Amino acid sequence: MPLTKTFVTMLTLSVTALSASAQNAPEPVAAPIPLSERYLPEVLQLASGKKVTMPAQWPARRAEILELFRRYVYGRNPVERPADLRFVVKSTDPNAMGGTATLKQVAIEFAGGKGTINLILFTPNNRTAASPVFLLACNRGARNIDPTRENKSEFWPAEELIKRGYVAAAFLVSDLDPDKDDDFKNGVHGLFDPPRLGDEKRSPDAWATIAAWAWGASRVLDYLESDKDVDAKRVAIVGHSRGGKTALWAGATDPRFALVVSNDSGSTGAALARGKRGETIALINKTFPYWFNTTYKTFDGNENELPVDQHQLIALMAPRPVYIASAIDDEWADPQSEFLSGVAASPVYELLGKKGMTVTSFPELEKPLHAGFIGYHVRRGGHDLSAYDWTQFMDFADLRMPNTK
Ligand code: GTR
């Protein structure tokens, strides 16, 4: 009997030890899903089934893809440039940043002055020609784009941009539409949507908040075209996260943007929806139902049925340069799915005679890929827009948005 008892005790001890070690073992990390298993919709095939093999066929395919994104994801704008768009320079300081820059604050007004975008613009004083621009669609608080420069933030390193010869421009996306679910009563939806009677629903493909923010970026570009100090043919639109989704949609809908930069834009930004980890279509629609159109909700938990995927959004920039930035700890955005989106968009660049992403396997940390027209880096750390990110954007812009004057 004692023998049996000892045996049972030993058995119990070893089972306990086993389960303890199982608890301490790191979670096995599943390998990212390769492109070949994501079953993406074809980027170079017309709705008719015909393959796109020549550059001359691309505009027709591009128009189809843009229409799909309007219908199923971001929505349709009721207005482009309003007839009464007005630019009011509120103040000019030629001695900003210790005399190295000129600060202009411009009110971009529309809808009879009911809508205003407050643009902050620093232009380098040390220049011989109109300067290229980095325009930030700022989704964080006003302190991040402080015109007084009392508050300096890595989110918008305006001094660094000036040092490198770029115009530093920024606006708050909240000028266009508040970042909350208000049934589209406020902001530009309230100003431009057709009136609704009683509890009448909006059209399922009506523009939503990301589209409203992107519309604002285009109105800023309208202003930049009127300012002789800036080179409006070399404007990069930059955004972080929800701002990154905005930058991508702005670049897709407005081909005047010469470079498009998405930082940690994740779901419904740069990252592929099919095979994505972290935030899915269902999750983003649950938390932020007002960012995208109503039809997008029908793809909750059903990404494989969505007629588009985000590599096609990246492809809408072609042949213009586009930059995708990721942060390795930002699993919610899913760096792998952001990177693979660029890889899957590359055939369109190649069709148009340019290199897209120049590699197909995920790069090492902080080894930026700048050799093609789809730039990419993954840095250490988490979800944020950092000085490191901006340095890469400027390096890439130096290469891909060169001074042609
Ligand atoms: C998160 C959201 C992301 C991203 C992020 C941000 O909560 O799930 O899609 O947009 O916010 O904007 O920082």
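Annotations
- Any pair with Cβ under 7 angstrom, 6 or more apart, that starts in segment 91-110 at a residue that is on the phi > 0 side of the Ramachandran plot and ends at one that is assigned to a strand (DSSP E or B) and of a type in the set (Phe, Trp, Tyr): Met97/Phe122
- Applying the condition of being part of a strand (DSSP E or B) and in contact with a Gly (Cβ under 8 Å, 6 or more places away or on another chain) to segment 197-237 and asking which residue is nearest to the ligand (Cβ to nearest atom) yields Ile237.
- Candidate set: segment 84-99, residues that are open to solvent by 30 Å² or more (accessible area, probe 1.4 Å) and touching a Phe, Trp or Tyr at 6+ places or on another chain (Cβ under 9 Å); chosen: the one farthest from Asp300 (Cα to Cα): Met97
- Taking the criterion of being of a type outside the set (Ser, Thr, Tyr) and in contact with a helix residue (DSSP H, G or I) (Cβ under 7 Å, 6 or more places away or on another chain), the residues of segment 137-160 that qualify are Ala137, Cys138, Asn139, Arg149, Asn151, Glu154, Phe155, Trp156, Pro157, Glu159, Glu160.
- Scan segment 159-181 for residues that are closer than 30 Å to Phe288 by Cα and of a type outside the set (Asp, Glu) and the total you get is 10.
- Selection over segment 259-299 of residues that are open to solvent by 10 Å² or more (accessible area, probe 1.4 Å), assigned to a helix (DSSP H, G or I) and either touching a residue at least 24 places away in the same chain (Cβ under 8 Å) or away from the ligand (no atom under 13 Å from the Cβ) (or both) gives a count of 4.
Quick grid of which residues meet (1) buried (at least 24 other Cβ atoms within 10 Å of the Cβ); (2) assigned to a loop (DSSP other than H, G, I, E, B):
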site: Asn304; (1), (2): no, no
site: Leu313; (1), (2): yes, no
site: Pro319; (1), (2): no, yes
site: Ile324; (1), (2): yes, no
site: Asp329; (1), (2): no, yes
site: Ala333; (1), (2): yes, yes
site: Ser337; (1), (2): yes, no
site: Met357; (1), (2): yes, yes
site: Glu364; (1), (2): no, yes
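- Residue ID - nearest to the ligand (Cβ to nearest atom), chosen from residues in segment 245-258 that are touching a residue at least 60 places away in the same chain (Cβ under 8 Å) and assigned to a helix (DSSP H, G or I): Thr246
- Single unsatisfied condition, Val343 versus (1) within 16 Å of the chain's Cα centre (by Cα); (2) away from the ligand (no atom under 16 Å from the Cβ); (3) β-branched (Val, Ile, Thr); (4) part of a helix (DSSP H, G or I): (1)
The values are calculated or read from the model by the stated rules, or taken from the named source; none is laboratory data. Computed from a predicted structure; not experimentally measured. Reconstructed Cβ throughout: ideal geometry from the backbone, glycine too, with neighbour counts over all protein chains shown. Side chains are part of the model used for accessible areas, which takes the heavy atoms of the whole protein and leaves out ligands, DNA and RNA. Shrake-Rupley method; radii C 1.70, N 1.55, O 1.52, S 1.80 Å.
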